[in-house]
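Each remark here refers to the structure printed beneath this line.
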Amino acid sequence: MSDWLAPDVIASAPGRVNVIGEHIDFSQGFVLPFAIADRTYARIRKRDDQIIRIRSLQRSNDIITTSIDQLAPSADGDWERYVLGVIWAFGIQSGVDIEIDGHVPLGAGLSSSAALECAVAFGLNDLFACGYSLKELALLAQKAENKYVGVP
């Protein structure tokens, strides 16, 4: 992780592999996944305004900036939509700075997007003292991916 920000929280989530049921989970089928050792990390700091700044050390390091009032499901953008979708699903009204890093290989079928969403969800849950259960956090991450990003 870099010195870009001094985080209020650091959260992480593992990648995963499906032993059986690959892609059948989209249609509510039975799957048997297990976590892998590689993790995605989210360093999150609360802001005093409604600005959202995101960057990934796995990507270009460019800082993506938007605001709470501009959050809306859209096909525009790239990996940051998964992060913005979680913020949108939480309905928080405070801005945040988020830095992403990790070792879950991107695009390798190891659920890097789910690890990204869950790391951000765990961090926001802690930072804003939301009190969501693990099941509720999983459902918020699923809502972000299905409704905001548009992935089934």
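Listed values, structure above:
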{"item": "Cα lying deepest toward the dipole's positive end in the chain, options SER113, PRO33, GLY102, charges on Cβ", "result": "PRO33"}
{"item": "Hydrodynamic radius of segment 34-79 per Kirkwood, over alpha carbon pairs, in Å", "result": "13.1"}
{"item": "Highest-first arrangement of 73-81, 141-149, 127-135, where packing means the average Cβ count within 10 Å", "result": "141-149, 73-81, 127-135"}
{"item": "Highest average packing first - 84-93, 48-57, Cβ atoms within 10 Å", "result": "84-93, 48-57"}
{"item": "Cβ charges +1 (Lys, Arg) and -1 (Asp, Glu), total dipole of the chain, debye", "result": "200"}
{"item": "ALA129/VAL31 FRET efficiency (R0 25 Å; Cβ-Cβ; nearest 0.05)", "result": "0.20"}
{"item": "For the chain, the spread of Cα positions along each principal axis, largest first, Å", "result": "45, 31, 28"}
{"item": "Helix 112-127 vs. the chain, principal-axis angle (Cα, 0 to 90°, nearest 10)", "result": "50"}
{"item": "Helix 80-90 axis, angle to the chain major axis (alpha carbon atoms, nearest 10°)", "result": "80"}
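Throughout, read-outs are computed from the coordinates displayed, never taken from laboratory work. Quick caveat: nothing in here was measured; it's all calculated off a predicted structure. Heads up, the Cβs are rebuilt from the backbone with ideal geometry, glycines too, and the neighbour counts pull from every protein chain shown.
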